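Structure first, commentary second.
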Amino acid sequence: MEFLIDIAQYLFMLIGMVCILVSITQYSRRTSDISGAVMLFVKRIEMSVNEYKWYRIGISLLIIGVAIRIIKLTLWG
């Protein structure tokens, strides 16, 4: 059981990071602004609907992965 939780945690976090990277890549290609991708984490930038969807999915999956990690550490120490 603990092994499956470890796999789920890492999968959620990995897929979340990939989704965020897809969003950043789409933004960089659309605007030709590489430095704007760094500003994504500092302040609000103009994103298209598709870029924003990828970004929100990525953040959501990362949060789920962290929540799984916290639950695992709480229950199985």
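Miscellaneous remarks
- Potential lengthening of the chain between I70 and L14 amounts to 18.5 nm, from the contour at 0.36 nm per residue minus the alpha-carbon distance.
- Modelled FRET efficiency - R0 22 Å, K53 with I7, Cβ distances, 0.05 increments: 0.30
- Cα convex hull, the chain: 86 Å³ per residue, rounded to a whole number.
- Using Cβ point charges alone (K and R +1, D and E -1), the dipole size of segment 1-76 about the Cα centre works out to roughly 200 debye.
- Helical mean residue ellipticity (222 nm; -39500 (n - 2.57) per DSSP H run of 4+; nearest 500) of the chain: -29000 deg cm²/dmol
- In this entry, segment 30-71 is assigned a mean projected area of 3.5 nm², taken as a quarter of its C-alpha convex hull surface.
- Of all accessible heavy-atom area on segment 1-76, the percent that carbon and sulfur account for (1.4 Å): 71 percent
- Accessible area per residue in Å² at 1.4 Å probe, computed on segment 1-76: 72 Å²
- Over the chain, relative contact order from alpha-carbon pairs under 8 Å, at least 6 apart, %: 51 percent
The values are calculated or read from the model by the stated rules, or taken from the named source; none is laboratory data. From a predicted model like this one, the values you see are computed outputs, not experimental measurements. Note: ideal-geometry Cβ built from the backbone for every residue, glycine included; neighbour counts use all protein chains shown. When the accessible area is computed, the model is the full protein with side chains, heavy atoms only, and any ligands, DNA or RNA have been set aside. Shrake-Rupley method; radii C 1.70, N 1.55, O 1.52, S 1.80 Å.
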